[in-house]
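Visitor: Following this message is one structure expressed as structure tokens.
The values are calculated or read from the model by the stated rules, or taken from the named source; none is laboratory data. These figures come from a predicted structure and were not determined experimentally. Please note: Cβ atoms are built from the backbone with ideal geometry, for glycine as well, and neighbour counts cover all protein chains shown. What goes into the accessible areas is simple: the full protein's heavy atoms, side chains included, and nothing from ligands, DNA or RNA. Shrake-Rupley method; radii C 1.70, N 1.55, O 1.52, S 1.80 Å.
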Amino acid sequence: MKVLIIGSGGREHAIAWKVAKSPKVEKIYCAPGNGGISQVAECVPIGAMEFDKLAAFAKEKEIDLTIVGMDDPLVGGVVDVFEKEGLRVFGPRKNAAILEGSKAFSKDLMKKYHIPTAAYENFDNPEAAIAYLKEKAEFPIVLKADGLALGKGVLICNTLEEAEEGVKTIMLDKKFGSAGNTLVIEEFMTGREVSVLSFVDGKTIKTMTSAQDHKRAKDGDQGLNTGGMGTFSPSPFYTKEIDEFCQKNIYQPTVDAMAAEGREFKGIIFFGLMLTEKGPKVLEYNARFGDPEAQVVIPRMKNDMVEVCEACIDGTLDQINLEFEDNAAVCVVLASDGYPVSYEKGFPIEGLENFEGKEGYYVFHAGTALKDGKIVTNGGRVLGVTAKGATLKEARKNAYAATEWIQFENKYMRHDIGKAIDEA
């Protein structure tokens, strides 16, 4: 088979690495890819949002399967474009990717189908939003830009002043662009956060092993929200009882709700959960693998990725026995100092060869480029260093040891990824 992967981050590198292990696959392309992906796939200079060019390329190269890694092309309708051309593609159509593309849509869906989530209101008008905050809000409160905002369009406000400033930032200053045309104001939930990824074929859902992301830039969950500074899997807080509750009240009901709305979902649903005192509730949905969650979940997956993706497309997921290793993985993101605000790039990266042939150690490239035959930094999040271990503590120890194998100027990381496991 020939496989095309759409995207350019650490998530896509993890997908490409896994696809390369499939005995069915002889050639992998990635558009646009990055420096690390180029070691397992042929990178093609086509942007993730250039749908017609991507489809034309897939036809020209007789691609058997395209896997869409990123949110923007899914929400934009790349799957519809490929299907119209008779191409096999893994990911939800535009009318299903709205599950991630509009937070207002997903909140309304959960309300309609009684899927547990935080209380909320949607607003298209900044004055109405501020009036609501003054009259009815309890603080702290959460403001969310409705559309895609690189995982950063969520503000937690402790006072009315902060909330008013937040409405201005999202709806008037348009910090997140058109994503802020509609605003969701949501009750603030407390508890442990857990991410559960799942494969879906329109009717059947098979969940993967759990994970937990660290969004804040600095140790102790301080600093600005980022795309994710590290993650661990599985979550010790995600018990068998919680899983049973979620399968019955959240996972299957979400798939059924989308089908009932005429928005059959095939692909990946990422459930962002909050384990509250009143039970698990949905924080958010994503319509693709999380990044960096993919970097700890995919290395623990026993199945052939291509087989599972094809079963989702064909509606035969019920015939797949999805299996994960009985171990743990931790990913620590090596970033450029200054991320997520401003940072320099173009620095050579030393030490990547230290990972070659080391079982249970991986380095997934997020923001790198190949320049004159040398891998250089080319983004805020540069690399995801992942290691496995028999336990979470061992995996964490291994991952942090492996971060020392790599050097580049302005290298920055958090030192407390997975610290919560000490409290488990």
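Visitor: Which numbered condition trips up Gly223, out of (1) assigned to a strand (DSSP E or B); (2) modelled with pLDDT of 95 or more?
Guide: (2)
Visitor: For Gly147, work out the one condition from (1) within 28 Å of the chain's Cα centre (by Cα); (2) more than 21 Å from Pro340 (Cα to Cα); (3) small (Gly, Ala, Ser) it doesn't fulfil.
Guide: Here Gly147 clears every test but (2).
Visitor: Please identify the pairs in which a residue from region 268-284 that is over 17 Å from Gln252 (Cβ atoms) and modelled with pLDDT of 95 or more has its Cβ atom under 7 Å from the Cβ atom of a residue that is aromatic (Phe, Trp, Tyr) and open to solvent by 10 Å² or more (accessible area, probe 1.4 Å), counting only partners at least 6 apart or on another chain.
Guide: Leu275/Phe237
Visitor: So which residues in region 387-422 are open to solvent by 10 Å² or more (accessible area, probe 1.4 Å) and assigned to a loop (DSSP other than H, G, I, E, B), if there are any at all?
Guide: The answer is Ala390, Thr391, Glu404, Trp405, Phe408, Glu409, Asn410, Met413, His415, Asp416.
Visitor: Given the options Ala20, Ala41, Ala16, Ala48, name the one that is under 17 Å from Ala294 (Cα atoms) and in contact with a helix residue (DSSP H, G or I) (Cβ under 6 Å, 6 or more places away or on another chain).
Guide: Ala16
Visitor: For region 327-386, what are the residues that are charged (D, E, K, R), under 24 Å from the mean Cα position of the chain (by Cα) and assigned to a strand (DSSP E or B)?
Guide: Within region 327-386, just Arg381 meets the criteria.
Visitor: Further question: Does Ala14 fit the bill of being buried (at least 20 other Cβ atoms within 10 Å of the Cβ) and not aromatic (Phe, Trp, Tyr)?
Guide: When the stated conditions are applied, Ala14 passes them.
Visitor: So, one more: Surrounded by 24 or more Cβ atoms within 10 Å (Cβ to Cβ), of a type in the set (A, V, I, L, M, F, W, C) and under 28 Å from Val333 (Cα atoms) - does that describe any residue in region 237-260?
Guide: no
Visitor: Go through region 161-193 and report how many residues are within 16 Å of Glu138 (Cβ to Cβ), touching a helix residue (DSSP H, G or I) at 6+ places or on another chain (Cβ under 9 Å) and either open to solvent by 50 Å² or more (accessible area, probe 1.4 Å) or without any contact (Cβ under 8 Å) to a residue 12 or more places away in the chain (or both).
Guide: Residues in region 161-193 being within 16 Å of Glu138 (Cβ to Cβ), touching a helix residue (DSSP H, G or I) at 6+ places or on another chain (Cβ under 9 Å) and either open to solvent by 50 Å² or more (accessible area, probe 1.4 Å) or without any contact (Cβ under 8 Å) to a residue 12 or more places away in the chain (or both): 1 in total.
Visitor: Criterion first (touching a strand residue (DSSP E or B) at 6+ places or on another chain (Cβ under 8 Å), open to solvent by 10 Å² or more (accessible area, probe 1.4 Å) and either over 22 Å from Met274 (Cβ atoms) or not aliphatic (A, V, I, L, M) (or both)) does Glu127 satisfy it?
Guide: Here the answer is no, as Glu127 does not meet what is asked.
Visitor: For residues that are over 20 Å from the mean Cα position of the chain (by Cα) and in contact (Cβ under 8 Å) with a residue 24 or more places away in the chain, scanning just region 314-326, find the one that is nearest to Pro234 (Cα to Cα).
Guide: Only one residue tops the list, namely Glu325.
Visitor: Quick one: in region 345-382, which of the residues that are surrounded by fewer than 13 Cβ atoms within 10 Å (Cβ to Cβ) and in contact with a strand residue (DSSP E or B) (Cβ under 7 Å, 6 or more places away or on another chain) is modelled with the lowest pLDDT?
Guide: Here the residue is Lys374.
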